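Only one structure is covered here, and it is reproduced in the block below.
The values are calculated or read from the model by the stated rules, or taken from the named source; none is laboratory data. What you are looking at is a predicted structure, and each value in this text was computed from that prediction instead of being measured. Here the Cβ is made from the backbone with ideal geometry for all residues, glycine too, and neighbour counts use every protein chain on show. With ligands, DNA and RNA removed, areas are computed over all heavy atoms of the protein, side chains included. Shrake-Rupley method; radii C 1.70, N 1.55, O 1.52, S 1.80 Å.
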Amino acid sequence: MLDNLYKHLSGTSTVPVVVIAVAIMLLAGFLATRITKLLKLPNVTAYILVGILLGPFCLNVVPDYVISGMDFISDIALAFIAFGMGEFFRFSTIKKNGAKVALITLFEGLAASVLVFVLTFFILGLGLPFSIILAALASATAPASTMMTIRQTGAKGDFVDTLFSVVALDDVLSLVAFSVAISIALASLGGGFSAGDVLIPIAFNIMMIGIGIGGGFLLKFLMAKRSNDNRLIVSIALLFAICGIGAAVDVSPLLGCMAMGTVYINVTGDDKLFKQLNYFSPPILLLFFVKSGLGFRLDALVNMQSSIGGIPLLVIGILYFVVRILGKYGGAFLGCLVTKKPKPVRNFLGFALVPQAGVAIGLAALGARILGGDTGSMLQTIILSSSILYELVGPALAKLSLYLSGSYGKEEAEDNPEKQVVPIAKPTHEEEVAALKQKLCEIQNAISVKEYARSPEEEAFLEATDLSAATEYNRRKFINKR
């Protein structure tokens, strides 16, 4: 039915087909989240599953030329993800335990990569290009699921601080490892190695970091006294510019965008821009993950005849899933042991590092393009299928690790005596009334009526990002009574 509709619409132009296909992707992704929300699963899982269902190996709703024409979505989505990650690289936090966190990250990231490389190259004999790229992808961790779980539980403490820092550094390590792996893979496919094959891509990534640092300072300068709509325009323009430069030199924009976010948050302390971009980016991220699901080779995964080096793809995917978890947990355990982290952090940190989605899926798409052919598509299939499994079990493992480490609940109070609630005498009714009057006077003096003289568009935007509608209504009511 849709095939006939697409053929009719594409008689004069492909624009109607592209627009309708994108609308279907957005609506289907939204509807799928209604189901995953009931199951308490992350939205990423819903988006990938929708992509698989709409793809050529299931319902075949989205035409092939639309899928191939959406490659730019990957770079743009990764730019938003990377810029948002920069918010967590606050120098004040890094100074406290930066060396320990860096060491833990090296241990857990490299352990996962080394184990996957040993499995694929030495044990399964899958070839150097495929093995080294898959090993580099194994180090990446998806922060979204873990951070969502932390916010839901209200967890705090050394375990959470360490986890935040490790997750942020983890993707930096995976980007560097991926850049080196791609260089070696290209040299191997070309029939020989040279220093330039490895050093030139690394030099380009360093250049991207420099551009991102400059972009962070430029963003600070351009943000001065801008309205919210112009702040969005300027920040997105700079992110797109970094994407374009990265595409021109054939490197990922992730490091550059992450550097820009890191510089901006440290020189301005302005986290509102990150909230505004988070408000703007969901449709782009939805299209990115759905598009990733569209490229999923479901037939190759379940068909035992599909293989790499004689090993069925399903077997490779299962082994990768298990070995990466072992590497993450074992590496995190050893890293915490070396840095003398407390026992709760050492024993359970690895469980919270299991999820893998955003960055790994984006890098897998880049790797698939470089490898090309069936090998490239199979690499992407393994990462996508394992990401779905990781997103299914990841949040549960993250919540379990937070609970067992005493980061929330009863255990937190028992393990941290200074955080225990000390009973205090209950104030009298007269004291409560006096304190309330004093507080109202302070609020009345602090609030300016001019603060609420905003345009309707700006009001709606701020309600969606920082303030709930109910809170805003109550504050308006209070001002009108003055």
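Can you tell me how many residues within the stretch 51-70 are open to solvent by 60 Å² or more (accessible area, probe 1.4 Å) and under 19 Å from residue 381 (Cβ atoms)?
6
Taking the condition of being of a type outside the set (Ser, Thr, Tyr) and at pLDDT below 85, how many residues in the stretch 18-45 meet it? Even if it seems obvious, please write down each step before you answer.
The first filter runs over the stretch 18-45 and keeps only residues of a type outside the set (Ser, Thr, Tyr), leaving 18-32, 34-35, 37-44.
Cutting the leftovers down to at pLDDT below 85 gives us 37, 39-44.
Here the count works out to 7.
Go through the stretch 333-357 residue by residue and tally those that are assigned to a helix (DSSP H, G or I) and either open to solvent by 10 Å² or more (accessible area, probe 1.4 Å) or among the polar types (S, T, N, Q) (or both). Break it down into steps so the answer makes sense when it comes.
If we filter the stretch 333-357 for residues that are assigned to a helix (DSSP H, G or I), which is where we start, we get 333-338, 343-353.
Next, from what is left, pick out any that are either open to solvent by 10 Å² or more (accessible area, probe 1.4 Å) or among the polar types (S, T, N, Q) (or both): 333-334, 337-338, 343-344, 346-348, 351.
Qualifying residue count, the stretch 333-357: 10.
Filter the stretch 97-126 down to the residues that are of a type outside the set (Ser, Thr, Tyr) and touching an Asp or Glu at 6+ places or on another chain (Cβ under 8 Å) and list them by number.
So in the stretch 97-126, the residues of a type outside the set (Ser, Thr, Tyr) come out as 97-104, 106-112, 114-119, 121-126.
The answer is 97, 108, 109.
Considering each of 288, 296 in turn, give the residue that is touching a residue at least 60 places away in the same chain (Cβ under 8 Å), part of a loop (DSSP other than H, G, I, E, B) and aromatic (Phe, Trp, Tyr). Steps first, please.
On the way: 288 fails: part of a loop (DSSP other than H, G, I, E, B).
Only one candidate qualifies: 296.
Could you check how many residues of the stretch 89-102 are aliphatic (A, V, I, L, M) and open to solvent by 60 Å² or more (accessible area, probe 1.4 Å)? I'd like the intermediate steps shown before the answer.
Initially, the stretch 89-102 is screened for residues aliphatic (A, V, I, L, M), giving 94, 99, 101-102.
Add one more test, that the residue is open to solvent by 60 Å² or more (accessible area, probe 1.4 Å), and what stays is 94, 99.
Selection size over the stretch 89-102: 2.
Please go through the stretch 367-379 and pick out each residue that is open to solvent by 30 Å² or more (accessible area, probe 1.4 Å) and not acidic (Asp, Glu).
Within the stretch 367-379, the subset open to solvent by 30 Å² or more (accessible area, probe 1.4 Å) is 369-371, 373-375.
Once the filter is applied, which keeps residues that are open to solvent by 30 Å² or more (accessible area, probe 1.4 Å) and not acidic (Asp, Glu), the stretch 367-379 yields 369, 370, 371, 373, 375.
Condition first: surrounded by 20 or more Cβ atoms within 10 Å (Cβ to Cβ) and closer than 19 Å to residue 74 by Cα. Can you find one or more residues in the stretch 193-206 that meet it?
yes
Could you say whether any residue in the stretch 271-292 is over 27 Å from residue 25 (Cβ atoms), at pLDDT 85 or above and surrounded by fewer than 21 Cβ atoms within 10 Å (Cβ to Cβ)?
There is at least one residue in the stretch 271-292 that is over 27 Å from residue 25 (Cβ atoms), at pLDDT 85 or above and surrounded by fewer than 21 Cβ atoms within 10 Å (Cβ to Cβ).
Can you find, within the stretch 54-70, the residue that is nearest to residue 236 (Cα to Cα) among those that are part of a helix (DSSP H, G or I) and without any contact (Cβ under 8 Å) to a residue 40 or more places away in the chain?
Residues of the stretch 54-70 part of a helix (DSSP H, G or I): 54, 64-68.
If we keep only those that are without any contact (Cβ under 8 Å) to a residue 40 or more places away in the chain too, we end up with 64, 68.
Values: 64: 29, 68: 24 Å.
It comes out as 68.
With 216, 246, 210 as the choices, which residue is open to solvent by less than 10 Å² (accessible area, probe 1.4 Å) and modelled with pLDDT of 90 or more? Spell out the reasoning first.
Details: 246 fails: modelled with pLDDT of 90 or more; 210 fails: open to solvent by less than 10 Å² (accessible area, probe 1.4 Å).
The conditions single out 216.
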